[in-house]
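Each remark here refers to the structure printed beneath this line.
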């Protein structure tokens, strides 16, 4: 965790921009870090292959804590249990045996090269090979703790063993505070501590208890929430951030962090500001005729057990994915001044988290899924989003995002594009509406679909065609 | 099924689907979507959990009748 400012003491990894196995150059962006003030992308100080992440999304760690391990190539990553066989020494030399090798001594050239690549000083490594020779494993061990070029973490900042997967972030707290939190049902993870070293005190716990017995807002488990998705969901979440504010926000001391939901709100704010600043949005809307789709779905659901029933969202998402495949100007990334269309459609789905905030993880290759597959994956994705178990790729991959606020009642939603994507589709509530057709007035199920798209990539004509395709596809639901 | 059993089954199902909902949120007239903020996937899961625990299968056509906590309790009591 590099220092991103003189006053920065810790940072929270909110997004990985790379994945294990990626080849990383010096200067490549590797992660987004929330520093309480804003979210920043951080770059690698090393070149090599990303071997593993050492912290999870949502983890807050002190400056200097290693957050990832980078090695030369995947083949050279030693299995954790046993080190690879040492390189045979070209000429066994008794000199360095038993002690620290002198700089330059007893290091076979390939190992020296590796050490150089990893930025490891071989002179400081105690060799474990024959005759005290430095092996690849030695170099990689030495490289591991210093991936970000930062000092080793301080002993007292070491997180303890993690009790359960759900509690991936340890919070320093006093025993009294822990007991109090357990009694009050407050999650320590969401509380910014004001005690020594940022420890959570009983006062912090008390002030985190929301008014009127509502569950504490910053409740846990919603870690990926910090990877802020993009959309104007605020109107649908009236209860979200307001009750987060502790009643008597006391001397917050050096941890200006505020509550978790507060910093999530800030992270969303920062990303949305960037989106609105950089992306020239244009907006379209159309009313979808859902008579055929809803009739088909209701008939299909009658034949199905509850566990296999479909919801309207599944049809809307599938139609959107197919339309995005056909109108590539909506699907891809705008980066480095140019649009890169994506041949795959990874459909981001905005998921509102129960205590405010939202995430928009991807349904991978949504255009190729059957409705049943899409439905299964959607249920799984939403459940994991709420439980905080999303994978990095799910957070990073969406090529276009859908927000479906209609589920909670609004008639239309105009989203904010999630950079670097170029389009955001919004679906409102499925409603019975008076509908004129062939000179007759009838009642049909309908919903308003909206599109926010990037004018650097497309214009209204193309965007209109995209929305039109969604409507057309929904007229033949059996072919979705 | 009597109403008390039905209420218990409903409350436990809601607790499963939306663990953050507090018992005091379950006012008789509370609406599942607007007041408890269950979305369509949560609702489907709720219907599924109720089917598992009580054997009462709520067809889609009856969804409007079970839009509130009380509606759901009455439905389960009447069909269980």
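The values are calculated or read from the model by the stated rules, or taken from the named source; none is laboratory data. Since we're looking at a predicted model, the values are computed, not measured. FYI the Cβ positions are ideal-geometry reconstructions off the backbone, even for glycines, and counts take in every protein chain you see.
In segment A:358-373, what residues are surrounded by fewer than 24 Cβ atoms within 10 Å (Cβ to Cβ), part of a helix (DSSP H, G or I) and in contact (Cβ under 8 Å) with a residue 24 or more places away in the chain? Scanning segment A:358-373 gives A:367, A:371, A:372. In segment A:440-447 there is at least one residue matching the filter, namely being closer than 18 Å to residue A:283 by Cα and at pLDDT 95 or above. With closer than 30 Å to residue A:432 by Cα and outside any loop (DSSP other than H, G, I, E, B) as the only criterion, which of A:317, A:310 stands out? Matching residue, one of A:317, A:310: A:317.
Return yes when residue A:452 is assigned by TED's automatic domain parsing to the domain that holds residue A:299, under 22 Å from residue A:317 (Cβ atoms) and touching a helix residue (DSSP H, G or I) at 6+ places or on another chain (Cβ under 7 Å) and no when it is not.
When the stated conditions are applied, residue A:452 does not pass them.
The sole residue among B:64, B:19 that is outside any loop (DSSP other than H, G, I, E, B) and either within 12 Å of chain A (Cβ to nearest Cβ) or within 16 Å of residue A:383 (Cα to Cα) (or both) is B:64.
Note on segment A:391-400: residues that are buried (at least 22 other Cβ atoms within 10 Å of the Cβ) and either in a strand (DSSP E or B) or under 12 Å from the mean Cα position of the chain (by Cα) (or both) amount to 4.
Checked against (1) at pLDDT 95 or above; (2) buried (at least 18 other Cβ atoms within 10 Å of the Cβ), residue A:407 passes all but a single condition, namely (1). Taking the listed residues B:56, B:49, the one that is more than 20 Å from residue A:410 (Cβ to Cβ) and assigned to a helix (DSSP H, G or I) is B:49, with no other qualifying.
Conditions first: (1) free of Cβ contacts under 8 Å to residues at least 40 places away in the same chain; (2) within 11 Å of the chain's Cα centre (by Cα). Residue B:4 passes all but one, so which condition is the exception? Answer for residue B:4: the failing condition is (2). With respect to being within 12 Å of chain B (Cβ to nearest Cβ) and in a helix (DSSP H, G or I), residue A:376 fits the description.
Residue-wise test of (1) modelled with pLDDT of 80 or more; (2) part of a strand (DSSP E or B).
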| residue | (1), (2) |
| --- | --- |
| A:15 | yes, yes |
| A:27 | no, no |
| A:31 | yes, yes |
| A:36 | no, no |
| A:66 | yes, no |
| A:82 | no, no |
| A:86 | no, no |
| A:89 | no, no |
| A:95 | no, no |
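For segment B:27-48, the candidate set comprises residues that are surrounded by fewer than 19 Cβ atoms within 10 Å (Cβ to Cβ) and touching a residue at least 12 places away in the same chain (Cβ under 8 Å); within that set, the residue that is farthest from residue B:5 (Cα to Cα) is B:33.
Of the residues that make up segment A:270-283, is at least one assigned by TED's automatic domain parsing to the domain that holds residue A:338, at pLDDT 95 or above, in a strand (DSSP E or B) and surrounded by fewer than 16 Cβ atoms within 10 Å (Cβ to Cβ)? Looking for residues that are assigned by TED's automatic domain parsing to the domain that holds residue A:338, at pLDDT 95 or above, in a strand (DSSP E or B) and surrounded by fewer than 16 Cβ atoms within 10 Å (Cβ to Cβ), one finds at least one in segment A:270-283, hence yes.
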